[in-house]
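A short worksheet on the structure shown next.
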Amino acid sequence: MRRTTPKRWTPSALALPVSVVLAATMAASAPARAANGPHARAHASAPTTTAYSTKTPYEPRQDPRTYEPAPEGFVPVFTENVSRHGSRSATDSEDGDLILRLWDRAREDGQLTRLGRDFGPDVRALLAAMGQTGYGKLSGRGKRELHGTALRMAQRLPRLFDTIVKDGESIDVVSSGQGRAVDSGTVFTDALAQADPALKPHIGQARTDKDLLYFHKSAGGAAYRDWLAHDQRLADTLKNLDDRPATRTAARNILARIFTPAFVQRVAKGEFGSIGNEVTAARAVYDLYSTAPAMRDESPRGGGWHMDRYLTRRDADWFGYLNDAEEFYKKGPSFAGSDITYRMAGVLLDDFFRQAEAKRDGTSTLGAELRFTHAEEIIPLAALMGLPGSTEAAAPATPYTYAGNPWRGAAVSPMATNIQWDMYRKGDTYLIRMLYNEKETPFKAGCRPIAKHSHFYDLRELERCFGRVGG
């Protein structure tokens, strides 16, 4: 079935088949991991694992040497993007504090496994590194992600940046105002200035626009926040995921690598009420595991934190699936027949068109518009734009699974995710080429490129396709 909403930009929303079974969910993730050969490392076409979900570190998805050249006579005149902040530390120490309370009790009771004896010191070292970096702040890896994206933009569009300098155009920089988004913008623009010092005076002072880039917490997200807090179907769906036998089995498997079977049983029976049950405890371990890659640069000698010792790949994949499911329902395509999670992203899509149209109409002196935001904005924007893997919703009676739905957090919104429109001109004709995580990406179904298999679209065609007034 397809969504039926009055919103101008509505992605397709195919319901999951009722025959999809839970066991197929994990089986479906295996081919995706195997599909990436050695040549995919630097320019991966898809994530090599789903285990880290939306905390997956960034990799560009296409070798720039394989980009389609612009049609003859067309020159770049403008570029704009929206980027999620780079890899970061955890937003707080809650997960580490919770699991350490449990670990300290197990140590007192002599209930740690041989491997588990290392767990407490490893967690404390990771927490110390995150504290030194600053909770919720960009890590070294995150800074490298943004730096690399900026340098590749400069390498991709040298003629555009030469024109910005020659014609005295400006580069506008705007963020959500949150620390890691602001810092991402700074790292990005510093890298542009490093690539070409003549650009520095053309880079405007960064500004904040919460309505545009933090809309889930602004006035435009009021209806969404009310739904998030009060929708019983959402609450029941997420609770059912945690209550599944497979979730409890994976949770006990994780804890069993750290604690003795007798202690795991005590956790499962709720003896440590302030900590929660085995799922709560295992999720804390998983959250530390999924944050560790972002903090690799801050590990001893840069060798990593080796948190994967405490989870098998299968159990990490399962908790990655649970995280994907939560992101899917709360921020992505969600339930069929509803656009509450993504319609608020219209303000951002509007801005993409507004900036491109102003350039075409001669009312803009900008050469580039650079935006820095969060997963809460990128994920709904991807659904609204109909980006690959972001459109299929779940039937209310059928849970989201990997076997029945292509949505993956690692593909839709890894750290430093970016959506970029490069604009080219020849006479009075303006073309747009979209890159999604630096991969040439077609616009949604119904938008016609200038030629079959081309990634270039006439701006007027995109206006028509997306229902722009006057397009």
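Results, tabulated for the structure shown:
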{"read-out": "Normalised convex hull volume, the range 321-395, alpha-carbon set, Å³ per residue", "value": "99"}
{"read-out": "Among the listed pairs Lys143/Lys359; Lys217/Lys331; Lys166/Lys359; Lys239/Lys330, those beyond 19 Å (Cα-Cα)", "value": "Lys143/Lys359"}
{"read-out": "Helix axis angle, 23-34 relative to the chain longest principal axis, alpha carbon, degrees", "value": "60"}
{"read-out": "Between 0 and 90°, nearest 10: helix 232-243 axis offset from the chain longest Cα axis", "value": "50"}
{"read-out": "Debye equation applied to the C-alpha atoms of the range 59-149, log10 I(q)/I(0) at 0.25 Å⁻¹", "value": "-1.22"}
{"read-out": "Of the trypsin sites (Lys or Arg not before Pro) in the range 219-303, those whose Cβ has at most 13 other Cβ within 10 Å and which sit in DSSP loop", "value": "Lys269"}
{"read-out": "Solvent exposure of the chain as accessible area per residue, Å², 1.4 Å probe", "value": "41"}
{"read-out": "Dipole of the chain, positive end: most advanced residue of Asn81, Gly346, Leu234 [Cβ charges, Cα centre]", "value": "Leu234"}
{"read-out": "Cα-centre dipole for the chain with unit charges at Cβ (Lys and Arg positive, Asp and Glu negative), debye to 20", "value": "740"}
{"read-out": "Accessible surface of the chain [probe 1.4 Å, protein heavy atoms]: carbon and sulfur percent", "value": "50"}
{"read-out": "Anchor Lys439: aspartates and glutamates whose Cα lies under 13 Å away (excluding residues fewer than 8 positions away in-chain)", "value": "Glu59, Asp63, Glu68, Asp422"}
{"read-out": "Mean Cβ count within 10 Å, highest first, over the residues of peptides 185-197, 109-121, 160-172", "value": "185-197, 160-172, 109-121"}
{"read-out": "With Cα atoms, 0 to 90° folded angle of helix 313-331 axis to the chain main axis", "value": "50"}
{"read-out": "CD proxy at 222 nm, helix term only [per DSSP H run n ≥ 4: -39500 (n - 2.57); per residue of the chain; nearest 500]", "value": "-13500 deg cm²/dmol"}
{"read-out": "Compactness of the chain as Cα Rg over 2.2 N^0.38 Å, two decimals", "value": "1.01"}
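The values are calculated or read from the model by the stated rules, or taken from the named source; none is laboratory data. Everything numeric in this text was worked out from a predicted model, so none of it was measured. In this analysis, Cβ positions are derived from the backbone assuming ideal geometry, glycine residues included, and neighbour counts consider all displayed protein chains. We work out accessible area using only protein heavy atoms, side chains counted, and drop any ligands, DNA or RNA first. Shrake-Rupley method; radii C 1.70, N 1.55, O 1.52, S 1.80 Å.
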